[in-house]
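Novice: For reference, the structure I am asking about is given below.
Derivation of every value follows stated rules applied to the coordinates shown; laboratory data play no part. Remember, predicted model here, so these are calculated numbers, not experimental data. Cβ coordinates were reconstructed from backbone atoms using ideal geometry, including for glycine residues, and neighbour counts include every protein chain displayed.
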Amino acid sequence: MMLLSIKILVVKKNKGMTTTKNKKFKPILNESNNNISQEVVSRLRDMIHRGEIKAGDKLPPERDLAKLLNVSRPTLRAGIRSLVAIGVLQSKQGAGTFVVNNEGPPSLDGHQLRLLASLRGFTSTEMFEARLALEMAVAGLAAERATSETLASLAEELAGIFGSIDEPEQFLVHDMNFHQLVATASGNRILTSLMNMVTTILFDVRSKTVKRARDLKESAEMHRIIYRAIRDKNVEGAREAMREHLLNAQAAQEKEIEYGNNGKN
């Protein structure tokens, strides 16, 4: 009986410690109306800079962290994958997500590219061409190197893409998750980091217009074609499918901007 009481006391104590520790994660209010996944990225980065989360610290489980930050799990996953891609976080299979150790290699940061874009006046066409070259490369490598685990994750995001055709903003989250998984499947961390630097900026722009998207079925089908090419280890097919998809995405975004300029919702 005494042993049982001690066990209950330990459980209660541990629960209290976990609750106190997680109080540092405040809900995201998104008063600036920015893309929520980018708000997740900004919040976690700021917490790391302030020392509220330290190198080696483990983040709460996905379900718990999504509740703490007041965001959906797909949105949280998109933010975490962005930070994993640039080397800020590290996901360990079966163990969780951790802040990378200070001894790790330096990571690439999209803020520098934004600054250069402002200073040098990079055009949207130049940024898109960079994305096209990088994503075609990673798609080809993914077709060579994708593991069964990565293919399963891609299939899951593909299902999310088709499931959110009528919800443009949620569609865009699954879209970004899918592209980041393709990059991860390439097995080339340098290309992945470079790609995410460029695509994060373009994603920020698209997040402001995607709500005006008229038909996302074609985009969803293109993602299916990319997935099948990678699954079938069709290198050229994956590269060409990615090229066609990105060209279509660029045209769709131009239409969304046009709708906005004409005062259409």
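Novice: In Å and on Cα atoms, what radius of gyration and Dmax does region 182-265 show?
Specialist: 14.6, 45
Novice: Which of the pairs Lys54/Lys211; Lys54/Lys233; Lys92/Lys211; Lys54/Lys92; Lys26/Lys58; Lys58/Lys208 have their Cα atoms more than 28 Å apart in this structure?
Specialist: Result: Lys54/Lys211; Lys54/Lys233; Lys92/Lys211; Lys58/Lys208 exceed 28 Å.
Novice: At 0.36 nm per residue, minus the direct Cα-Cα distance, what do Ala133 and Asn234 gain on full extension? Give it in nm, one decimal, please.
Specialist: Gain on stretching Ala133 to Asn234: 34.6 nm.
Novice: Taking the Cα centre of region 19-99 as origin, sum charge times position over the Cβ atoms of Lys and Arg (+1) and Asp and Glu (-1), and report the length of that vector in debye to the nearest 20.
Specialist: Rounded to the nearest 20 debye, it is 240 debye.
Novice: Rounded, prolate or oblate: pick one for region 122-245, where a ≥ b ≥ c are the square roots of the eigenvalues of its C-alpha gyration tensor, a/c under 1.5 means rounded, and failing that, prolate if a/b is larger than b/c, else oblate.
Specialist: Cα axes put region 122-245 in the oblate bin.
Novice: Listed highest first by mean packing, meaning other Cβ atoms within 10 Å per residue, what order do 189-200, 231-242, 55-66 come in?
Specialist: 189-200, 231-242, 55-66
Novice: Hey, another quick one. How long are the semi-axes of the equivalent ellipsoid of region 19-99, taking √(5λ) for every eigenvalue λ of the Cα gyration tensor, in whole Å from largest down?
Specialist: 18, 14, 13
Novice: I would also like to ask the following. Quick one: Cα centre-to-centre distance for region 62-97 and region 188-235, in angstrom?
Specialist: 19 Å
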